[in-house]
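Just below is one structure, and these are the notes that go with it.
Values quoted throughout were computed directly from the atomic coordinates according to the rules given, and no laboratory measurement underlies them. As the structure is a computational prediction, the values presented were derived from the model and not from experiment. Glycine gets a Cβ as well: all are built from the backbone with ideal geometry, and neighbour counts include every protein chain shown.
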Amino acid sequence: DIPPVGGGMSVTTPLRDGEQGYESAGGKTVRLTVSETGVDPVVGWLVCVEGPMRGNDYHLHAGYNYIGREIGDVRISGDQQISRQNHAMIAFDDTDGVYYVGPSAGRNLLKVNGKTVLNAVELHSYDVISIGTTKLMFVPLCGEHFSWKKE
């Protein structure tokens, strides 16, 4: 069995390297990639610096991380201006070591450092993402100085 993902939780199902598991999150199928350690390693964090979940942190993983109020990899409960699911996404390209943020299917605008984002843009250390009444500070782990990939 695969445990639920998102909201800072990591996959701990002992799968072999490269195997994939699936879970249905409110009817949505989510792809889970697992490393040889049995976990999907964290590549960065979002820290809520303003809004109903102030002080919470959310783990980000390689690939797509969907943000929603109830369903998603990053679940920000309590902010009714955030769509229930797929409001926005953050992606980490582990080949190039680059992070991106962009809107998904949300009804309200997404902003980075106060500027409206209509298409995916590159995300940098300590950028502030505004979504609903929530502000999230981005803190990367992987990139120029560290990578989970074996060289």
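Sorted by packing (mean other beta-carbon atoms within 10 Å per residue), highest first, where do 63-69, 101-107 land? Write down the numbers at each step before the final one.
Values: 63-69: 22.7, 101-107: 17.1.
Put in order of decreasing packing, that is 63-69, 101-107.
When 1/r is averaged over all different Cα pairs and the result inverted, which Kirkwood radius in Å belongs to the stretch 81-151?
Values: mean 1/r = 0.0777 Å⁻¹.
In the stretch 81-151 this quantity evaluates to 12.9 Å.
For the stretch 97-147 and the stretch 48-63, what is the centre-to-centre distance using only Cα atoms, to the nearest Å?
About 11 Å separates the Cα centre of the stretch 97-147 from the one of the stretch 48-63.
I'd like the chymotrypsin sites (Phe, Trp or Tyr not before Pro) in the stretch 90-151 restricted to DSSP loop residues with at most 15 other Cβ atoms within 10 Å, sorted by number.
TYR126, PHE146, TRP148
Take ASP96 and GLN81, extend 7 Å from each Cα along the Cα→Cβ direction, and tell me the distance between the two endpoints in nm.
3.1
Can you tell me the order of 44-56, 70-82 when each peptide is scored by its average per-residue count of other Cβ atoms within 10 angstrom, highest first?
In decreasing order of mean packing, 44-56, 70-82 become 70-82, 44-56.
Under the 0.36 nm per residue contour assumption, what length would be gained going from the current alpha-carbon distance of VAL139 and TYR64 to full extension?
Between VAL139 and TYR64, full extension yields an extra 25.4 nm.
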